[in-house]
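Peer 1: Take this structure, written in structure tokens, and hold onto it; I'll ask about it next.
The values are calculated or read from the model by the stated rules, or taken from the named source; none is laboratory data. Quick caveat: nothing in here was measured; it's all calculated off a predicted structure. Because the Cβ atoms are built from the backbone with ideal geometry, glycine has one as well, and the counts that use them run over all protein chains shown. What goes into the accessible areas is simple: the full protein's heavy atoms, side chains included, and nothing from ligands, DNA or RNA. Shrake-Rupley method; radii C 1.70, N 1.55, O 1.52, S 1.80 Å.
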Amino acid sequence: MRIVIGHFHLQTGGVTRVIEHACAALAASGHEVLVVAGEAPRHSLPASAGFARIPSLTYEERRPALGPEALAAELQRSARDHFGAPPDLWHLHNHALGKNLALPGALVALATRGHRLLLQPHDFAEDGRPALYDRLLRGIGGGDAGRLSALLYPQAPQIHYAVLNSRDHAFLEAAGVPAERLHLLPNAVSLPPSTQALPHPFGSRRLWLYPTRAIRRKNLGELLLWSLTAMGDDLLAATQAPQNPAEQPRYRRWKALAEELGLPVAFELGSRVADFPALLASAHALVTTSVAEGFGLAFLEPWLVGRPLAGRDIPEITGDFAAAGLDLGGLYERLEVPLDLLDETGLRRRMGAALRASL
């Protein structure tokens, strides 16, 4: 088969690793793969896969102002240039998230012409991302939720959906996606072998490493809260800064707070160490404080480098892992803070104001 795999970018992170694993597995089975994205990959893709940059496939804030039909034409042209023929399958990641307002319409245009689509949502704008959902509703839905749903989740015999976990499978099944076109496709979990022995980056200090891009849902404040209980030789660290400009002010505030309070926390450690598996293996333990995940690679990868995992559980995500026999006993569902450490009256006032603004 000739297969096109598409995403907005190929930055370091979970979706990129999923695409890399898919490229290797498909090539090993004799298929041809072309990866398309709005930005060039930060690291080389598997040698078996081709790559085409399509600028109008990038995030909404940076993409050229092309409409859905123009994006569909660019996608088709890139596939023909690479394969010499139309692809047998388009496999798109996170098409309905609201990161690119032209992509849903472009995929409907392809489907209308008979192209086969496999749409794989890792995250949903409807699931705790109100700003993205509002952008979709106003930008392409005309304020009509039903019209928007038909555009985001088109139905036809040649359109199939792949989801990462049982929770998302239940969502789409309840919404009416036919069982024969809905597939549970857990992510492959793999790390490349370490290319070098990594000296411990902080001497004798115990490194508690949070391998994450520190966007809001990764809940960096809880990592800082942890650091208040650190022993003298403990160091807590996160690996990547957010790329999204909207995320960066919040991230800078957390960094400034850590510096102001003199907390034993390091940031962007991943940008200082080229060998990621070796960095993971150098940690005393790996950490997650995330409050929302699409699949949950962070719950699985620690075991591939022989490190324990500590932090916050997300039962609706980890339920599949627990059912498969994985022991996640080092995680908690609640992290309680003694109220007498806080100004209760002031806290209630601030929470009330924040909730009113949110609602």
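Peer 1: Could you work out the longest stretch of the chain that avoids the trypsin sites (Lys or Arg not before Pro) located in DSSP loops with at most 10 other Cβ atoms within 10 Å?
Peer 2: After excluding every exposed loop site, the longest remaining stretch is 114-333.
Peer 1: If you plug each phi of segment 53-62 into the Karplus form 6.51 cos²θ - 1.76 cosθ + 1.60 with θ = phi - 60°, what whole-Hz ³J(HN,Hα) values come out, in order, with x for Gly and Pro?
Peer 2: 8, 10, x, 6, 9, 7, 4, 3, 5, 10
Peer 1: With just the Cα atoms defining each centre, how far is segment 29-102 from segment 317-359? Give it in Å.
Peer 2: Taking the Cα centre of segment 317-359 as reference, the centre of segment 29-102 is 38 Å away.
Peer 1: Leaving out ligands and nucleic acids, and using a 1.4 Å probe, what accessible area per residue does the chain come to in Å²?
Peer 2: For the chain, the per-residue accessible area is 49 Å².
Peer 1: Can you pull the percent of segment 1-81's accessible area that's carbon plus sulfur, 1.4 Å probe, other chains left in place?
Peer 2: After summing per-atom areas, the C and S share lands at 52 percent.
Peer 1: If you filter segment 1-102 for GluC sites (Glu not before Pro), then keep DSSP loop positions with at most 11 other Cβ within 10 Å, what is left?
Peer 2: Counting only loop positions with at most 11 other Cβ atoms within 10 Å, the GluC sites (Glu not before Pro) in segment 1-102 are GLU61.
Peer 1: Still on this structure, I have one more. In deg cm²/dmol, rounded to 500, what helix-only [θ] at 222 nm does the chain give when every DSSP H run of at least 4 residues adds -39500 (n - 2.57) and the total is split over its residues?
Peer 2: The helix-only estimate for the chain comes to -10000 deg cm²/dmol at 222 nm.
Peer 1: At what distance in angstrom do the alpha carbon centres of segment 205-232 and segment 243-278 lie from each other?
Peer 2: 10 Å
Peer 1: A further question on this structure: Below 8 Å, C-alpha to C-alpha, sequence gap of six or more: please give me the relative contact order for the chain in percent.
Peer 2: Across the chain, relative contact order equals 11 percent.
Peer 1: Can I ask one more? State the percentage of accessible surface on segment 157-257 attributable to carbon and sulfur atoms; use a 1.4 Å probe and exclude ligands, DNA and RNA.
Peer 2: Taking all protein chains in place, segment 157-257 shows 60 percent carbon and sulfur surface.
Peer 1: Checking the a/c ratio against 1.5 first, then a/b against b/c, what shape does the Cα gyration tensor give for segment 227-308?
Peer 2: oblate
Peer 1: Can you give the angle from 0 to 90° between the axis of helix 248-261 and the longest principal axis of the chain, with both taken from C-alpha atoms, to the nearest 10?
Peer 2: On a 0 to 90 degree scale, this one is about 10.
Peer 1: Do any GluC sites (Glu not before Pro) in segment 271-357 lie in a DSSP loop with no more than 10 other beta carbon atoms within 10 Å, and if so, which?
Peer 2: Listed in order of number, the matching sites are GLU333, GLU336.
Peer 1: Find out how many positive minus negative residues lie around ALA96, taking Lys and Arg as positive, Asp and Glu as negative, among other residues whose Cβ is under 15 Å from that of ALA96.
Peer 2: -2
Peer 1: Another question, if that's okay. Please turn the phi angles of segment 214-224 into ³J(HN,Hα) values with the Karplus equation 6.51 cos²θ - 1.76 cosθ + 1.60 (θ = phi - 60°), one per residue in order, whole Hz, x for glycine and proline.
Peer 2: Result, ordered by residue: 7, 7, 4, 5, 6, 6, 5, x, 5, 5, 5 Hz.
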